[in-house]
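Here the structure is laid out as structure tokens; the discussion comes afterwards.
The values are calculated or read from the model by the stated rules, or taken from the named source; none is laboratory data. The model shown is predicted, which means the values in this text are computed figures rather than measured ones. Counting neighbours? That spans all protein chains shown, and the Cβs are built from the backbone with ideal geometry, glycine included.
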Amino acid sequence: MLCRDSIKYFLELCHVYPHIEMLVVSKYVNDGVIKQIHQLTGWINFGENRVEVLEEKADGLKDLSLTWHFIGHLQSRKIKRIVRCADHIQSVCREKELYLINQYAKAYGKVMRVWIQVNDGQQQGRSGVCSVKVQRLVKLAHSLEHVALQGLMLIPEKEDIKAYENVNQLRLMLDPSFKISAGMSDDHMIAIKNGSDMIRIGSALFI
């Protein structure tokens, strides 16, 4: 069930910070609730971290022209399925993944929008690539015809301002036009105030 107060709050937040994009993490809800969110807010970005659920929802809601983001850990054997139904992949951290994404995107006649997940080692047990290796991935992404690099994704520990400082410096060094996807329900304001362009909100929207 939707939390109407939270919906109102995030709509007002988007008005105060018009550059911020909302990515609704929809793993908690069914197609009917996704339709309801879209109708109430106009938000089009929805994210899933499981391939099977992404396929089901993206195929079932084609009539809404939503933009689907895969935000989970990438497994090489499932990349083909992700490329077929996703518009963005936010969790790229290996060269092999980029080559496979490009290969399958070419086969499907599309350009896959990707984000590089950054993790300098502070986020134990989470995927990502350290800052010193990001430049190599960026160079490779730019060389691939069916890959369009959007920016950097980050899952920092709560109130880890240093992580935001590092990723902002990285953006300035690589390409100031890159976007940063960071911040979730519990830390979205910290993320916004520290340079994030897209926040990923899930549990805060639902009762």
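Table for the structure above
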{"quantity": "Cross-chain or 6+ apart pairs with Cβ under 7 Å, segment 26-38 first and touching a residue at least 24 places away in the same chain (Cβ under 8 Å), then hydroxyl-bearing (Ser, Thr, Tyr)", "calculated": "Tyr28/Ser203; Ile34/Ser26"}
{"quantity": "Residue selected from segment 42-101 under the condition polar (S, T, N, Q) and over 17 Å from Ala182 (Cα atoms), by the criterion modelled with the lowest pLDDT", "calculated": "Ser65"}
{"quantity": "Answer residue from segment 155-207, given it is free of Cβ contacts under 8 Å to residues at least 40 places away in the same chain and aromatic (Phe, Trp, Tyr) and is surrounded by the fewest Cβ atoms within 10 Å (Cβ to Cβ) among those", "calculated": "Phe178"}
{"quantity": "Test result for His19, under 26 Å from Met189 (Cα atoms) and in a helix (DSSP H, G or I)", "calculated": "no"}
{"quantity": "Members of segment 84-102 that are surrounded by 16 or more Cβ atoms within 10 Å (Cβ to Cβ), assigned to a helix (DSSP H, G or I) and not charged (D, E, K, R)", "calculated": "Cys85, Leu98, Leu100, Ile101, Asn102"}
{"quantity": "Count of residues meeting criterion [assigned to a strand (DSSP E or B) and in contact with a helix residue (DSSP H, G or I) (Cβ under 9 Å, 6 or more places away or on another chain)] in segment 26-54", "calculated": "3"}
{"quantity": "Yes/no for Lys57 being over 18 Å from Ser196 (Cα atoms) and either of a type in the set (Gly, Ala, Ser) or in a helix (DSSP H, G or I) (or both)", "calculated": "yes"}
{"quantity": "Contacts under 7 angstrom Cβ, first residue in segment 86-111 being more than 19 Å from Leu54 (Cα to Cα), partner at pLDDT 95 or above and of a type in the set (Val, Ile, Thr), 6 or more apart", "calculated": "Cys93/Ile116; Leu98/Val92; Leu98/Val147; Asn102/Val147"}
